[in-house]
Amino acid sequence: MTTSRITEDAFRQVLRDGMPGAMPFEVSTLERGHVVFRLRTGTDDLRPGETVAGPVLFALADLAVYAAVMTSLGPMPLAVTTDATIHFLRRPRAGYLVARARLLKEGRRLVVGEVTIENEGETDGPVAHAVMTYSVPPDRGPASP
């Protein structure tokens, strides 16, 4: 296990400051380069056919990779998604979703991560898989006088 460069409290503060409407997730793991989040979904998250809506899955995936990026870089609110590919693999049901994110590449300007999302307690495999790239803002150094 490698120590994260951001705590859960600090990550939640980044969200409160910049994304106050972020979904109410639970943190199971927050290690450097590896994050596991849980999200309880219900009737408000369903689309016709009783399946969790794609935008809910995408938001959870993006949030988990955003956190994974910060476990490596530390608090960096201006790191932004520059590319995202998501595959919806099978029908997700309402209940707890588990997102497992890990970093694949940690560069100076770009960080690439992947995430799988599963229905908690099911063994049928993931309901979604995503690969996302984040742009790292340039280090501005100390403020000029």
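The values are calculated or read from the model by the stated rules, or taken from the named source; none is laboratory data. Computed from a prediction, not measured in an experiment: that's the story for all the values here. With ideal geometry, Cβ positions are generated from the backbone for all residues, glycine too; neighbour counts draw on all protein chains shown. Accessible surface is based on the protein model in full, side chains and every heavy atom, while ligands, DNA and RNA are left aside. Shrake-Rupley method; radii C 1.70, N 1.55, O 1.52, S 1.80 Å.
About its Cα centre, the chain has a charge dipole of approximately 320 debye under the convention of +1 per Lys or Arg Cβ and -1 per Asp or Glu Cβ, with nothing else charged. The mean of 1/r over all distinct Cα pairs in the stretch 76-145, once inverted, gives the Kirkwood hydrodynamic radius of 14.0 Å. Placing a label point 7 Å from the Cα of H87 along the Cα-to-Cβ direction, the residues of the stretch 111-136 whose backbone N falls under 14 Å from that point are 114-117, 125-132. Going by Cα centres, the stretch 36-51 and the stretch 106-128 are how many Å apart? Here the two parts' Cα centres lie 17 Å apart.
Helix-only arithmetic for the chain: the sum of -39500 (n - 2.57) across DSSP H runs with n ≥ 4, divided by the residue total, places the mean residue ellipticity at 222 nm at -7000 deg cm²/dmol.
Between A53 and Y96, what's the calculated FRET efficiency when r is the beta-carbon distance and R0 is 25 Å? Round to 0.05. So, using R0 = 25 Å, E works out to roughly 0.95.
Averaged per residue, the chain has 55 square angstrom of accessible surface, using a 1.4 angstrom probe with ligands and nucleic acids left out.
Taking the 1.4 Å solvent-accessible surface of the chain as the whole, the part contributed by carbon and sulfur is 52%. If you plug the beta carbon distance of D17 and D44 into 1/(1 + (r/R0)^6) with R0 = 30 Å, you get a FRET efficiency near 0.75. For Cα Rg over 2.2 N^0.38 Å, the candidate list reads (1) 1.01; (2) 1.41; (3) 1.06; the entry that matches the value derived from this model is (3). Take every pair of alpha-carbon atoms less than 8 Å apart whose residues are at least six positions apart; their mean separation over the length of the stretch 75-145 yields a relative contact order of 39 percent. Restriction of the GluC sites (Glu not before Pro) in the stretch 14-68 to DSSP coil positions whose beta-carbon has at most 16 other beta-carbons within 10 angstrom yields E50.
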